[in-house]
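**Student:** I have a structure here, written as structure tokens, and I will follow up with some questions on it.
The values are calculated or read from the model by the stated rules, or taken from the named source; none is laboratory data. On a predicted model such as this, the values are computed, not experimentally measured, just so you know. Here the Cβ is made from the backbone with ideal geometry for all residues, glycine too, and neighbour counts use every protein chain on show.
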């Protein structure tokens, strides 16, 4: 008999670095589309426990909708990221030529390499793009504390610990 609780859903994710300047376009229906190339680092474990760095690989990253607009405002070339979604291999083009596979993400977040990096308190002005950009104008501003999932609720002050334990 199956438990009434829902089964855990798992998915696919990629980790890498934005390798090109991100682009944001809008389709005929007005849906936002984020596109960038990304770099993945690779290494091989050796028998002595060390790792040998291998050449990086480059791939396409695509995001749609509100997450595309979020990514465009918060990611720039060289930013590390973790994205979840799925790998998609497009159909051949009208000329019969095979097109390169892409990772279609539904969520993307920064993965700063260390705690002292800009992941906490990230402040970045929006990227400057050419007038040929097809995206609508964004309001000028900064992005602050995007690494925080939420602000913790305020806690009441606690009494100092008692000098004698057990009383």
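One line per residue, one yes/no per condition, for (1) within 25 Å of residue 9 (Cα to Cα); (2) touching a strand residue (DSSP E or B) at 6+ places or on another chain (Cβ under 9 Å); (3) at pLDDT 95 or above; (4) surrounded by 15 or more Cβ atoms within 10 Å (Cβ to Cβ):
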| position | (1), (2), (3), (4) |
| --- | --- |
| 27 | no, yes, no, no |
| 63 | yes, yes, yes, yes |
| 83 | yes, yes, yes, yes |
| 91 | no, no, no, no |
| 100 | no, yes, no, no |
| 105 | yes, yes, yes, yes |
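**Student:** Evaluate the following for residue 5: is it over 23 Å from the mean Cα position of the chain (by Cα) and over 18 Å from residue 110 (Cα atoms)?
**Tutor:** Against the criterion (over 23 Å from the mean Cα position of the chain (by Cα) and over 18 Å from residue 110 (Cα atoms)), residue 5 qualifies.
**Student:** Of the numbered conditions (1) outside any strand (DSSP E or B); (2) under 20 Å from the mean Cα position of the chain (by Cα); (3) over 15 Å from residue 109 (Cα atoms), residue 48 fails exactly one; give the number of that condition.
**Tutor:** So the condition that residue 48 fails would be (2).
**Student:** Can we say residue 58 is farther than 12 Å from residue 108 by Cβ, surrounded by 12 or more Cβ atoms within 10 Å (Cβ to Cβ) and in contact with a strand residue (DSSP E or B) (Cβ under 9 Å, 6 or more places away or on another chain)?
**Tutor:** Considered against the rule, which asks whether it is farther than 12 Å from residue 108 by Cβ, surrounded by 12 or more Cβ atoms within 10 Å (Cβ to Cβ) and in contact with a strand residue (DSSP E or B) (Cβ under 9 Å, 6 or more places away or on another chain), residue 58 comes out as yes.
**Student:** Sticking with this one: Counting only residues that are in a strand (DSSP E or B) and free of Cβ contacts under 8 Å to residues at least 24 places away in the same chain, how many does region 24-42 have?
**Tutor:** Counting residues in region 24-42 that are in a strand (DSSP E or B) and free of Cβ contacts under 8 Å to residues at least 24 places away in the same chain gives 2.
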